[in-house]
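Colleague: Take a look at the following structure, please.
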Amino acid sequence: MTTSATVVLPVRDFDGMSRLDGVLSPRQRATLTRALCTRAVAAAREAGLRLVAVSSSNDVTRWADQQGSETWPDPGAGLSVAASAAVERMGHDPWIMLHADLPLVTAASLHDVAEAGSRAPVLVPSHDGGTNVIASEGSFPFAYGIGSFHRHFSAVPNATIITTPALSIDIDSPTQLAAFPELIEPSTLSP
């Protein structure tokens with residue numbers, strides 16, 4: 001690998017994924033979030049990339065420690081602020097901002113992002129117009145929220161765009177969750 005990018009995994013808490021409230025209990029959401037985060041760590045580790053979790057949750061901090069990952073504090077003012085604080089802490093080192101709700105993330109997909117990110121910023125759009133992965137060096141104009149991909153691309157028009165199911169498919173809705181029954185316990189989805 002020609003780059004030593006750090007994968008940054010922002011995880012406010014394991015009881016997140018509130019858009020799945022109607023179909024998953026808080027315990028089931030926490031189990032799902034933990035499983036997806038563990039999958040992201042395994043992919044980063046297999047790709048030979050360092051991983052740092054960004055969270056102020058004691059549960060996430062304990063989990064990250066068990067995974068052999070550092071945890072940096074989340075300033076608590078939203079995803080864009082948390083991402084900015086993390087990359088500011090890294091100075092000019094290369095980084096990959098990875099969301100935890102990617103059920104198909106692989107080492108190969110992270111390796112491809114790291115390689116492309118060593119030449120130019122990288123944006124990976126989600127299927128619904130969000131931004132699932134960003135890679136760059138130094139500061140970045142994070143603007144998460146609905147339709148964030150277009151804001152990010154407008155701010156960084158020289159970015160390389162990567163579209164791959166491994167990084168573009170996320171779990172933001174009950175319909176998306178239903179496509180991955182192996183991630184949920186039997187009878188988790190409501191009728």
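Values in this text are rule-based calculations from the coordinates and carry no lab data. Quick caveat, the model's predicted, so the values are computed rather than measured. FYI the Cβ positions are ideal-geometry reconstructions off the backbone, even for glycines, and counts take in every protein chain you see.
Colleague: Using a 10 Å cut-off around each Cβ, can you sort I161, I146 from fewest to most neighbouring Cβ atoms?
Modeller: I146, I161
Colleague: Under a plain spin-label model, where a point goes 7 Å from the Cα along Cα-to-Cβ, how far apart in nm are A77 and E182?
Modeller: Inter-label distance under the simple model: 4.1 nm.
Colleague: Find out how many positive minus negative residues lie around D74, taking Lys and Arg as positive, Asp and Glu as negative, among other residues whose Cβ is under 10 Å from that of D74.
Modeller: Neighbour charge sum, excluding D74 itself: 0.
Colleague: What full-extension length gain, to one decimal in nm, is calculated for A108 and R27 as 0.36 nm per residue of separation minus the Cα-Cα distance?
Modeller: Value of the extension gain: 26.0 nm.
Colleague: Could you put W72, W95 in order, starting from the residue whose Cβ has the fewest other Cβ atoms within 10 Å?
Modeller: Least to most surrounded, the residues fall as W72, W95.
Colleague: Next up: Quick query: amide H of Y144 versus all other amide H atoms, modeled in the peptide plane; which residues come in under 5 Å with a sequence gap of 5 or more or a different chain?
Modeller: S80
Colleague: Using the Cα atoms as the points, what is the convex hull volume per residue of the chain in Å³?
Modeller: 106 Å³
Colleague: Taking the number of other C-beta atoms within 10 Å as the exposure measure, put R27, R39 in order starting with the fewest.
Modeller: The order, fewest Cβ neighbours first, is R27, R39.
Colleague: In what sequence, highest mean first, do 131-137, 170-176 appear when ranked by Cβ atoms within 10 angstrom?
Modeller: Ranked by mean Cβ neighbours within 10 Å, highest first: 131-137, 170-176.
Colleague: Give the percent of DSSP beta bridges with both residues in the chain that are antiparallel, rounded to the nearest 5.
Modeller: Close to 40 percent.
Colleague: If I take R0 = 30 Å and measure r between the Cβ atoms of E70 and S173 in this structure, what FRET efficiency does the formula 1/(1 + (r/R0)^6) give, to the nearest 0.05?
Modeller: 0.45
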